[in-house]
Amino acid sequence: MILPILSYPDKRLRIVAENVKNVDDTIKKLVSDMFETMYDSNGIGLAATQVNHHIRVIVIDISQDKSQPLCLINPEIIEKSGEISLEEGCLSVPDYKHFINRNDHIKIQALNEKGKTFKIEANDLLSVCIQHEMDHLNGILFVDYLSRIKQQRLLKKIS
């Protein structure tokens, strides 16, 4: 099922997500719906916050052919290094992109959609995408990294 995506400046995007206590059928259905929503919107990442579920669930697929789905539940960054700046966009801030500085290399610990703990190392686009989506779980949007003037221009443009 395709879920509605909240759009900036919706205040619900600022809600800090809570940890998932149990990966049950409800969570598995949400993950499936989030992948369907992300693919339908031509995105490469989606946080549960963006679909008005305030729990720590992220889905990502940076592949061109949608063949590398990655689900991160309760993700935590356990290592980070380096710096990279890539142009980011966001399904909650349509038609706007900006270069944001992030860590180039991260190591994550999370649960998968079956509730099993795993670790993953990420570089480049995958690293940026994970950090972008994790920000959503903390009520942070990529536009928060912009100068006040750019934020005001964006708000004026979308109002």
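The values are calculated or read from the model by the stated rules, or taken from the named source; none is laboratory data. Not measured: the values here are computed from a predicted model. With ideal geometry, Cβ positions are generated from the backbone for all residues, glycine too; neighbour counts draw on all protein chains shown.
Within the range 136-152, restricting attention to residues that are farther than 14 Å from Lys97 by Cα and in contact (Cβ under 8 Å) with a residue 40 or more places away in the chain, the residue that is surrounded by the most Cβ atoms within 10 Å (Cβ to Cβ) is His136. Annotation note: Cβ proximity below 9 Å between a residue of the range 12-28 that is without any contact (Cβ under 8 Å) to a residue 60 or more places away in the chain and a residue that is of a type in the set (D, E, K, R) and surrounded by 10 or more Cβ atoms within 10 Å (Cβ to Cβ) (sequence gap 6+ or interchain) occurs for Glu18/Arg56; Asn19/Arg56.
The condition of being in contact with a helix residue (DSSP H, G or I) (Cβ under 7 Å, 6 or more places away or on another chain) and not acidic (Asp, Glu) holds for only one of Met38, Met1, that being Met1.
Taking the conditions exactly as written (assigned to a strand (DSSP E or B), within 14 Å of the chain's Cα centre (by Cα) and crowded, with 18+ Cβ neighbours inside 10 Å), does Ile106 satisfy them or not? Talk me through it step by step, then tell me what you get.
Numbers: assigned to a strand (DSSP E or B): yes; within 14 Å of the chain's Cα centre (by Cα): no; crowded, with 18+ Cβ neighbours inside 10 Å: yes.
In short, no.
Quick check: is even one residue across the range 111-119 assigned to a strand (DSSP E or B), among the charged types (D, E, K, R), at pLDDT 95 or above and over 16 Å from the mean Cα position of the chain (by Cα)? For the range 111-119, residues assigned to a strand (DSSP E or B), among the charged types (D, E, K, R), at pLDDT 95 or above and over 16 Å from the mean Cα position of the chain (by Cα): present.
In the condition set (1) assigned to a strand (DSSP E or B); (2) surrounded by fewer than 16 Cβ atoms within 10 Å (Cβ to Cβ), Ala122 is compliant with all but (2).
Can you confirm whether Tyr96 is of a type outside the set (Gly, Ala, Ser), assigned to a strand (DSSP E or B) and in contact (Cβ under 8 Å) with a residue 24 or more places away in the chain? Outline the logic, then answer.
Working: of a type outside the set (Gly, Ala, Ser): yes; assigned to a strand (DSSP E or B): yes; in contact (Cβ under 8 Å) with a residue 24 or more places away in the chain: yes.
In short, yes.
The residue of the range 76-93 that is surrounded by the most Cβ atoms within 10 Å (Cβ to Cβ), among those that are under 30 Å from Asp24 (Cα atoms) and free of Cβ contacts under 8 Å to residues at least 60 places away in the same chain, is Ile77. Residues that are in a loop (DSSP other than H, G, I, E, B) and hydrophobic (A, V, I, L, M, F, W, C) were ranked within the range 28-73; the one that is farthest from Arg14 (Cα to Cα) is Ile62.
Filtering the range 41-56 to residues that are touching a Leu at 6+ places or on another chain (Cβ under 7 Å), without any contact (Cβ under 8 Å) to a residue 60 or more places away in the chain and not hydroxyl-bearing (Ser, Thr, Tyr) leaves Gly43, Val51, Asn52, His53. Within the range 10-43, the set of residues being polar (S, T, N, Q) and either surrounded by 14 or more Cβ atoms within 10 Å (Cβ to Cβ) or in contact with a strand residue (DSSP E or B) (Cβ under 7 Å, 6 or more places away or on another chain) (or both) comprises Asn19, Ser32, Thr37, Ser41. Picking from residues in the range 14-51 that are within 13 Å of the chain's Cα centre (by Cα) and among the small types (Gly, Ala, Ser), the one that is farthest from Lys116 (Cα to Cα) is Gly43.
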